[in-house]
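Read the structure below first, then the notes.
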Amino acid sequence: MTRVPVQNPDGTPAMSTKASRARRWVRDGKATGHWNDAGIYYVRLVVEPSGRKVQKVTIGVDPGKSYTNIAVQSAKATLYLAHLVLPFQRVKERIGAATIKNGKVIKNARGRALHRRVRRGQRINRKIPFEQRAHRQKRFDNRRRDGKIAPSIRAAREMDLRIVSELSKIYPVGSIVYEVIKADVDLTSGRRGARSGKGFSPVMVGQKWAIKQLQSIATVKTVLGWQKNGNGTSQIRKHLELTKIKDKKAQTPESHAVDGIALAATEFIRFGLVPKIGYDLHTWIGSVTITSAPFRTIARPEYFRRALHFDKADKGGKRKRKGGTITPFDVRCGDRVMATKSGETVIGWVGGYTQTAKSKNISVYDHNSKRLGQYAPSKVRLIRRSNKLCVA
């Protein structure tokens, strides 16, 4: 049974309730309905509740490089599931010297590093001696890497943190269970995938930073997915009879979100020793109920941010505007809209526009950045301003 999150009048989270009760509260004026950035409908009470006692609610986070899965679980029900499509590869391409897709370099698609080199080269007069050129001295030591996180990994972890933060506002989260990895390189043997603990991985730096940020929300417990003592992610998933498929790209709960449920369930069950007369028994201790829950796929809109200009100037030395979220119409890039054409209505996100002397069109995309079509501005209606998330 789907549960609806509840907030107290002061905005603090309360225990979720049945959908029928939430509808009755809104109808009778006892609560108001709202949507949060994670795509969840919740109600906020107008009057003070009879009590503020809450049960234990846990968030399970299974982070990855390209995908992260999150589950909100209580002892009696599964409350929420999410599959996050992380911006790791996109940020990596834009930071680097060129955009690479399917192993090929895309022409006229340059990263931030190459743009910086081009701008530096434009202001240097190579006709004068080297000592007289416009080379400035460094203002700070940019070779210190203590605690530095790669931009691609930081962007992925910040997206995880944002969703967990949104969930903590409407669920009384008592703890967060976070799956961690060890070094993916063994320095002694040189083998990848070794779990000796000797080595370095940018992913490990990112997860250490993420755990520190999550501790400001709730108590964080870490779990190793591969550990063999019965309390690893895979062992708990098998005990709960949760089916997992191998295709991590599939936007279904079975692709990865079941691991989030297994992680959250570690707060309610564990594999341990139960003393018995004459012998000791190793078995599962505790109980948890897995139910159906709302499932959301969340991604970031893939529009181009405002750049200085195109590298190559047109005739007359004019450079075209490049990127940005502003359009000549009432909507902006990243806004969620409803568009109609030929009697067919779609809901998506604005990704760009075209404007010529003969026509004006707004491009609408789905959460996977696949264009749904181009629509006349009069046929596009705003649903919600951009929150930099596409929730499907």
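The values are calculated or read from the model by the stated rules, or taken from the named source; none is laboratory data. All of these numbers come straight from a predicted model, not from anything done at the bench. Every residue, glycine among them, receives a Cβ derived from its backbone with ideal geometry; neighbour counts consider all protein chains shown.
Name every residue in the range 18-70 that is over 27 Å from the mean Cα position of the chain (by Cα) and part of a loop (DSSP other than H, G, I, E, B), in order of residue number. Those that are over 27 Å from the mean Cα position of the chain (by Cα) and part of a loop (DSSP other than H, G, I, E, B): Asp28, Gly29, Lys30, Val46, Val47, Glu48, Pro49, Ser50, Gly51, Arg52, Lys53, Val54. The criterion of being outside the structural domain of Ile211 (by TED's automatic domain parsing) and either modelled with pLDDT of 85 or more or crowded, with 21+ Cβ neighbours inside 10 Å (or both) does not hold for Ile59.
Filter the range 333-354 down to residues that are touching a Ser or Thr at 6+ places or on another chain (Cβ under 9 Å) and surrounded by fewer than 17 Cβ atoms within 10 Å (Cβ to Cβ) and give me whichever is modelled with the lowest pLDDT. My answer is Thr354.
Take Thr283 and tell me if it is surrounded by fewer than 17 Cβ atoms within 10 Å (Cβ to Cβ), within 30 Å of the chain's Cα centre (by Cα) and modelled with pLDDT of 75 or more. Spell out how you get there, then give the answer.
Numbers: surrounded by fewer than 17 Cβ atoms within 10 Å (Cβ to Cβ): yes; within 30 Å of the chain's Cα centre (by Cα): no; modelled with pLDDT of 75 or more: yes.
It is false that Thr283 is surrounded by fewer than 17 Cβ atoms within 10 Å (Cβ to Cβ), within 30 Å of the chain's Cα centre (by Cα) and modelled with pLDDT of 75 or more.
Of the residues Pro87, Pro129, Pro151, only one is modelled with pLDDT of 75 or more and surrounded by fewer than 12 Cβ atoms within 10 Å (Cβ to Cβ); which? Checking each option against the conditions leaves just Pro129.
With respect to the conditions (1) in contact (Cβ under 8 Å) with a residue 12 or more places away in the chain; (2) surrounded by fewer than 19 Cβ atoms within 10 Å (Cβ to Cβ), Arg23 lacks only one, and its number is (1).
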